[in-house]
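Asks: Below are the structure tokens for one structure; questions will follow.
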Amino acid sequence: MSTTLYDKIFQAHIVDEIGDDALLYIDRHLIHEVTSPQAFDGLVQKGRNVRRPDLTFATMDHSISTRSLAIDACGPANKLQLQTLADN
């Protein structure tokens, strides 16, 4: 049976395997403004930092206004999400 591209990429990133579980090395980390605050909070609670911030890319793509480039054009709740992402 041939190996799929997915399988090749998956296998190339395995760091360790325990039973059926695999620990993968992630070489790009894409984040956005909606769920990243919880992730950063979890890091703070555990006293951890982002290991490779140079490989972490953030996009403001869920709460941003399509009518204006101004960060406050989205309303106060979205503005808070966008500001929190920028701060993190």
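Asks: Evaluate the charge dipole of the chain about its Cα centre and quote only its size in Debye, nearest 20, assuming +1 on the Cβ of each Lys and Arg and -1 on the Cβ of each Asp and Glu.
Replies: Working: 8 positive and 12 negative charges, 63 e Å.
It works out to roughly 300 debye.
Asks: Near the amide H of LEU24, under 5 Å away, which other amide H atoms are found, from residues 5 or more places off or on another chain, if H is placed in the peptide plane?
Replies: Answer set, sorted by chain and number: VAL15.
Asks: Once fully extended, how much extra length lies between ALA77 and ARG48, figured as 0.36 nm per residue of separation less the alpha-carbon to alpha-carbon distance? Before the final figure, lay out each step's value.
Replies: Working: separation 29, 0.36 × 29 = 10.44 nm, distance 2.71 nm.
Here the answer is 7.7 nm.
Asks: Tell me which chymotrypsin sites (Phe, Trp or Tyr not before Pro) from the stretch 23-88 have a DSSP coil assignment and no more than 14 other beta carbons within 10 Å of their own. Show your work: numbers first, answer last.
Replies: Working: sites: TYR25, PHE40, PHE57; in loops: TYR25.
Taking the stretch 23-88 and a limit of 14 other Cβ atoms within 10 Å, the loop chymotrypsin sites (Phe, Trp or Tyr not before Pro) found are TYR25.
Asks: Now, a different point. I want the antiparallel fraction of DSSP beta bridges within the chain, as a percent rounded to 5. Don't skip to the answer; put the middle values down first.
Replies: Working: 4 of 8 bridges.
For the chain, the DSSP antiparallel bridge percentage is about 50.
Asks: Here's another thing I want to ask about it. Using θ = phi - 60° and the Karplus relation 6.51 cos²θ - 1.76 cosθ + 1.60, list the HN-Hα couplings for the stretch 78-88 in order, rounded to whole Hz, with x at every Gly or Pro.
Replies: Those phi angles translate into 5, 4, 5, 4, 5, 5, 5, 4, 4, 5, 5 Hz.
Asks: Order these by the 10 Å Cβ neighbour count, fewest first: ILE18, ILE64.
Replies: Details: ILE18 7, ILE64 18.
In order of increasing Cβ crowding within 10 Å: ILE18, ILE64.
Asks: Something else about it: Name the residue from ALA86, TYR25, ALA39 whose Cα lies farthest towards the positive end of the charge dipole of the chain, charges +1 on Cβ of Lys and Arg and -1 on Cβ of Asp and Glu.
Replies: Towards the positive end, the residue furthest out is ALA86.
Asks: Among MET1, MET60, what is the fewest-to-most ranking by other Cβ atoms within 10 Å? Show your work: numbers first, answer last.
Replies: Details: MET1 4, MET60 17.
Arranged by neighbour count, lowest to highest, MET1, MET60 become MET1, MET60.
Asks: Full extension from ILE18 to HIS62: what is 0.36 nm times the residue separation minus their Cα-Cα distance, to one decimal in nm?
Replies: On the way: separation 44, 0.36 × 44 = 15.84 nm, distance 3.59 nm.
Stretched out fully, the ILE18 to HIS62 stretch lengthens by 12.3 nm.
Read-outs throughout are calculated quantities, based only on the coordinates presented, and are distinct from any laboratory measurement. Predicted, not measured: the structure shown is a model, and the values here were computed from it. In this analysis, Cβ positions are derived from the backbone assuming ideal geometry, glycine residues included, and neighbour counts consider all displayed protein chains.
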